[in-house]
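Notes follow the structure.
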Amino acid sequence: MKSATVRSSAAAAAAVPKAHVDVRPIMLLVALMVLGLLLVGSPSTWLTLTVAGLAMGFIIFIIASGLTLIFGLMDVLNFGHGVFIALGAFVATSVLGGMAGWTTSPSVLLNLLAVFSAMVVAMVVAGGVGWAFERVIVRPVYGLHLKQILITMGGMIVGEELIKVIWGPLQIPLPPPEALRGSFFIGDAAIEKFRLLAVAVGLLVFLVMMWVLSRTKVGLLVRAGVQDREMVEALGYRVRRLFVGVFVTGSALAGLGGVLWGLYQQSVTPQIGAQVNVLIFIVIIIGGLGSTGGCFIGALLVGVLANYTGFLAPKVALFSNIALMVAILLWRPQGLYPVTSR
Amino acid sequence: MNLLTLAGVHTHIGAYHILHGVDLEVPEGAVTVLLGRNGAGKTTTLRTVMGLWAASKGTVRFAGEAIERQPVPEIARRGIAYVPENMGIFSDLTVQENMLLAARGARHADQLDRARLQWIFDLFPALQKFWLYPAGKLSGGQKQMLSVARALCEPRRLILIDEPSKGLAPSIVNNLVQALRELKAQRTTILLVEQNFRMARLLGDHVAVMDHGRVVHTGTMAALAADAELQQRLLGLSMGLSTGLSMNAHA
């Protein structure tokens, strides 16, 4: 047995038909963009709207990706996720306010350093609060969905009130630093600089997350735990410990998303989390509960559609994401990329 | 020497009282087969040993230590592998990723014990062929092979296997029997739940028969196989040995 060698796995796989990759959800996104181009008419306006939609989608993905894994891994319905978004946004107001010298400097480097500092501090604070939230609020109600909904919503209300105690109840402006204000122009299309930053950060988070999930043992455990938590434990892994890590990471990502969302809106209110909560729940349902890939496509669909409808039919914009969710669930009741065991 | 001992084990699942004082001894280095009709408590016994359902009363001792209050991962880390009835494979993961998860000591596929892996490939050649294929796309028999192979990925002291032949074609069952016989030849301790009496007879050294949540008979498989009256009384079998039919077909 010891002297035997394993034949090349690639050679072994060569004899096997390729696994089918479901590209229809991606084609749906492409089709939506093409439809948007036809309805908007002007390519430059379409490009502006599309970049804005993708930026919005990437920010929503950053926020929602943690939530979908939290649900997938431990069946925890965390309606309090929004509080980490608000926390991240308010921490950003303090950090960027304290670094006014850097944010108003004409130096692009100092501007970016200020924004990245705000992101890092927001992630650390949101992650730390997330750790406490899991221990105090979520842990006592594992497996009890109704109580999870009630207590996590209660947690969010308490969190919002604490934010008001610290930062006050009023809206606080959160302007992007000098270098991120204004737009680039591609022909007649105006591309806001900050939105490009949001796309870049969102893409980076997505790539890092996909790398971790597909190339590391921890990622493998998360993906397996989402499918069959019990079997992962039977293989000798402590899923609860893994879940705490995912919860803290998800909270930190929500904090990061809060910074980007606050800069996107250029102001923050204590209710910002509750407002975004609706969107992120739509996204994780569209994507398939527990599915990171589905969450990514779902977030981009929601972002792009919201921008197209906001331009074409503002009265329909509020309703459009609900309509998208209904249409997708009629097509795929388990979401775009359902997790197999669910 | 007994590797696993259950004494007076009771298990409740919600309002249901499933095990009513199970006493069972699993000798080291042998295959013990747990027989009984559907609903007798066989699967519950395995899940209780694994900690997936907590024993409400009684003791479960593994290698001399009580494990009935231990969390599932701690029980697994003591060297107990579990092959569930539903196979428990991760459908969205490849065969390679499923195996990597089963090898706790390996962080990457190239850290898997190559010699051991080759031995597993020799037992189940399909797994090598479909190494990078999503496990959910495998046939039922291949999934069962993967499920058993995962339990063999690292040395284990005890393997709990729940109805490996269920729903499989006879030719696939034969492959599985061959693989388990090879394990048996290496003196691996196995506690096997099996409805297919032909397979049970081929593999078992010892037998325990369950009924209504209790062990009602223990002995050697050879003694049970030779006693048609005992089979009839315990299992409701009628010439099951010669026909190779399962208990379900006769009960």
Inter-label distance, nm, simple model (7 Å from Cα along the C-beta direction), A:Ile166/B:Leu230: 7.2 nm
With a ≥ b ≥ c taken as the square roots of the eigenvalues of the C-alpha gyration tensor of chain B, please select rounded if a/c is under 1.5 and otherwise prolate if a/b is larger than b/c or oblate if it is not? oblate
For B:Asp211, residues with placed amide H under 5 Å, excluding near neighbours: B:Val216
Each label point is 7 Å from the Cα along the Cα-to-Cβ direction; what then is the distance between the points at A:Asp22 and A:Val208, in nm? 2.9 nm
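Just from its helices, what would the mean residue ellipticity at 222 nm be for chain A, if runs of 4 or more DSSP H residues each count -39500 (n - 2.57) and the sum is divided by every residue, rounded to the nearest 500 deg cm²/dmol?
Estimated from H runs of four or more residues: -24500 deg cm²/dmol.
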For the modelled label position 7 Å from the Cα of B:Ile13 along Cα-to-Cβ, which residues of region B:182-199 have backbone nitrogen atoms closer than 16 Å? B:193-194
Among the aspartates and glutamates, which fall within straight-line cross-link reach of B:Lys137, defined as a Cα-Cα distance under 15 Å, with same-chain neighbours fewer than 8 residues apart omitted? A:Asp22, B:Asp92, B:Glu97
B:Lys57: which lysines have alpha carbons under 27 Å from its alpha carbon, excluding same-chain residues fewer than 8 sequence positions away? B:Lys42
What ranking, highest mean first, results for peptides B:200-212, A:84-96, B:68-80 when packing means the other Cβ atoms within 10 Å averaged over each residue? A:84-96, B:200-212, B:68-80
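What does the helix-only formula give at 222 nm for chain B: each DSSP H stretch with n ≥ 4 adding -39500 (n - 2.57), the total divided by the residues, and the result rounded to the nearest 500 deg cm²/dmol? Please list the in-between numbers first.
Values: 11 runs with 91 residues, N = 251.
Result for chain B: -10000 deg cm²/dmol, rounded to the nearest 500.
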Could you work out how far apart the two model spin labels at B:Lys57 and B:Arg157 are, taking each label as a point 7 Å from the Cα in the direction of the beta carbon, and quote it in nm? 2.8 nm
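Mind checking the mean number of beta-carbon atoms from other chains within 10 Å of the Cβ atoms in B:85-95? Could the numbers behind the result be given before it?
On the way: counts 0, 3, 1, 8, 5, 12, 5, 10, 6, 3, 3.
Mean inter-chain Cβ contacts per residue within 10 Å come to 5.
Compute the Cα gyration tensor for the protein assembly as shown, then decide on rounded, prolate or oblate, letting a ≥ b ≥ c be the square roots of its eigenvalues: rounded whenever a/c is under 1.5, prolate when a/b is larger than b/c in the other cases, and oblate in all that remain. Intermediate values should be presented prior to the final figure.
Numbers: a/c = 2.58, a/b = 2.12, b/c = 1.22.
It comes out prolate by the Cα gyration axes.
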Quick check for me: using +1 on Lys/Arg Cβ and -1 on Asp/Glu Cβ, what's the dipole size of the protein assembly as shown about its Cα centre, in debye to the nearest 20? 540 debye
Just to verify a number: FRET efficiency for B:Val216 and B:Ser171, C-beta to C-beta distance, R0 = 41 Å, to 0.05? 0.75
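Local charge sum around A:Leu235 (other residues, Cβ-Cβ under 9 Å, Lys/Arg +1, Asp/Glu -1)? Intermediate values should be presented prior to the final figure.
Details: positive: B:Arg104, B:Arg150; negative: A:Glu233.
Cβ neighbours under 9 Å give a net charge of +1.
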Packing-based order for A:116-123, A:128-135, B:219-226, A:327-334, using average beta carbon neighbours within 10 Å, highest first: A:116-123, A:128-135, B:219-226, A:327-334
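All of the numbers you see were taken from the coordinates with simple rules; none came from a lab. Note that the structure is a prediction, hence the values are computed from the model and not measured. Cβ atoms come from the backbone with ideal geometry, glycine included; neighbour counts cover every protein chain shown.
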